[in-house]
1. Pull up the range 201-229, narrow it to residues that are touching a Ser or Thr at 6+ places or on another chain (Cβ under 9 Å) and of a type in the set (S, T, N, Q), then point me to the one that is modelled with the highest pLDDT.
2. Within the range 54-73, can you find the residues that are among the β-branched types (Val, Ile, Thr) and buried (at least 18 other Cβ atoms within 10 Å of the Cβ)?
3. Among residues belonging to the range 68-91 that are assigned to a helix (DSSP H, G or I) and without any contact (Cβ under 8 Å) to a residue 40 or more places away in the chain, point out the one that is nearest to Met140 (Cα to Cα).
4. Are there any pairs, at least 6 apart or on different chains, whose C-beta atoms fall under 7 Å, with the first in the range 30-43 and assigned by TED's automatic domain parsing to the domain that holds Gln113 and within 11 Å of the ligand (Cβ to nearest atom) and the second part of a helix (DSSP H, G or I) and of a type outside the set (Gly, Ala, Ser), and if so, which?
5. Quick one: in the range 163-193, of everything that is hydrophobic (A, V, I, L, M, F, W, C) and under 27 Å from the mean Cα position of the chain (by Cα), which residue is surrounded by the most Cβ atoms within 10 Å (Cβ to Cβ)?
6. Taking the conditions exactly as written (of a type in the set (Gly, Ala, Ser) and on the phi > 0 side of the Ramachandran plot), does Ser135 satisfy them or not?
7. Considering only residues of the range 111-162 that are touching a strand residue (DSSP E or B) at 6+ places or on another chain (Cβ under 7 Å), among the hydrophobic types (A, V, I, L, M, F, W, C) and not in a loop (DSSP other than H, G, I, E, B), which is surrounded by the most Cβ atoms within 10 Å (Cβ to Cβ)?
8. Is there a residue being out of contact with any strand residue (DSSP E or B) (no Cβ under 8 Å at 6 or more places or on another chain) and within 14 Å of the ligand (Cβ to nearest atom) anywhere in the range 63-81?
Amino acid sequence: MQTKTRISSTPSELTQIKSWLKKESDETGVGFYGNWNTIQEAWEKKRCFILLHKKSVVGFLVYRTTGPVANIMVFDVKPGLRKEGFGRKLFKGFTEFLKNKGVVVIELFCSPQTSEGFWRKLYFEKLADLYDVKSKRIDMYKIIVPKLAITEKSDSAETIALWDKEQHEVSDCPPKWVWGLRFKKNSRELERPIVHPINYKWLLLWKQGNKVLHSAPIGDFVSATIEYGSFMVITSLPSQ
Ligand SMILES: CC(C)(COP(=O)(O)OP(=O)(O)OC[C@H]1O[C@@H](n2cnc3c(N)ncnc32)[C@H](O)[C@@H]1OP(=O)(O)O)[C@@H](O)C(=O)NCCC(=O)NCCS
């Protein structure tokens with residue numbers, strides 16, 4: 001198949017998208033035509049990524065990034081061409097594009113919720129499967145780089161432990177996740193980054209042997225190496 005992915009660059013590509021969204025809205029009352037302003041603004045800011053098939057646009061997505069975290073805001077395959085593998089191709093091309101930009105994780109919420117099965121096929125995970133999520137939204141994420149694995153019990157000299165609770169709720173509970181840190185030779189850069197969904201109020205404990213280096217909410221973990229938001233991304237740690 002003659003397919004290609006890239007950031008949309010010509011007004012005619014935007015017009016093609018608008019035309020199918022309007023048609024879908026007029027005929028079925030569903031689709032992303034109601035999000036047109038967001039789509040157009042993203043297109044102007046080069047945040048509209050497309051899949052071309054025989055030089056026509058057959059799928060597009062709108063995204064934004066915050067540091068190494070990308071958020072897919074809209075993802076759509078042209079009606080009549082769905083379930084033919086185009087969605088998978090669009091996502092594959094987008095993932096490669098993001099990896100080259102240093103993005104490590106993609107997040108989204110399923111709207112419509114019927115798309116959950118599609119995202120699961122692409123190995124997205126549901127936040128609600130990881131910890132107790134109060135919202136009814138289906139929030140999903142996919143880590144797109146090799147990451148440091150979680151260890152039940154670590155024999156590493158240095159560890160990071162995380163609770164899915166705030167400090168005052170922890171009492172004697174053990175941490176929910178622990179990472180045994182492994183650094184590159186003569187460096188404080190991790191061999192693999194820690195990438196994990198978080199709430200910034202959760203308790204994080206950083207230890208060297210028995211020495212506690214930090215025990216406070218993630219949001220207070222002041223380091224240039226961590227991203228705040230819905231994910232924690234740690235690539236290196238300062239020496240103590
Ligand atoms: C959801 C959507 C993007 C999927 O694109 P697509 O081109 O139809 O998907 P593909 O053909 O690449 O499918 C990839 C796999 O997902 C499966 N799949 C596709 N849509 C699915 C759905 N809604 N539920 C469950 N599985 C689905 C396919 O069967 C295929 O599985 P396989 O590889 O095992 O055969 C497309 O249907 C669409 O644009 N829907 C309307 C808008 C929408 O829901 N966007 C998502 C916003 S969060």
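1. Top of the filtered list is Gln208.
2. Val57, Val58, Val62, Val69, Ile72
3. So in the range 68-91, the residues assigned to a helix (DSSP H, G or I) come out as 86-91.
When the remaining residues are screened for being without any contact (Cβ under 8 Å) to a residue 40 or more places away in the chain, the result is 87-88, 91.
Values: Gly87: 17, Arg88: 16, Phe91: 14 Å.
Checked the range 68-91; the qualifying residue nearest to Met140 (Cα to Cα) is Phe91.
4. Val30/Glu24; Gly31/Leu21; Gly31/Glu24; Phe32/Leu21; Phe32/Ile39
5. Pass one, the range 163-193, residues hydrophobic (A, V, I, L, M, F, W, C): 163, 170, 173, 177-179, 181, 183, 190.
Narrowing the set further to residues that are under 27 Å from the mean Cα position of the chain (by Cα) leaves 163, 177-179, 181, 183, 190.
Working: Trp163: 19, Trp177: 18, Val178: 18, Trp179: 24, Leu181: 21, Phe183: 15, Leu190: 20.
Here the residue is Trp179.
6. On the way: of a type in the set (Gly, Ala, Ser): yes; on the phi > 0 side of the Ramachandran plot: no.
No; evaluated as a whole, the condition is false for this residue.
7. Ile160
8. We begin by selecting, within the range 63-81, every residue out of contact with any strand residue (DSSP E or B) (no Cβ under 8 Å at 6 or more places or on another chain); these are 66, 79-80.
Now restrict to residues that are within 14 Å of the ligand (Cβ to nearest atom): 79-80.
Checked against the condition, which is being out of contact with any strand residue (DSSP E or B) (no Cβ under 8 Å at 6 or more places or on another chain) and within 14 Å of the ligand (Cβ to nearest atom), the range 63-81 yields at least one hit.
The values are calculated or read from the model by the stated rules, or taken from the named source; none is laboratory data. These numbers come from a predicted model, not from an experiment. All Cβ positions, even for glycine, are placed from backbone atoms using ideal geometry, and neighbour counts span all protein chains on display.
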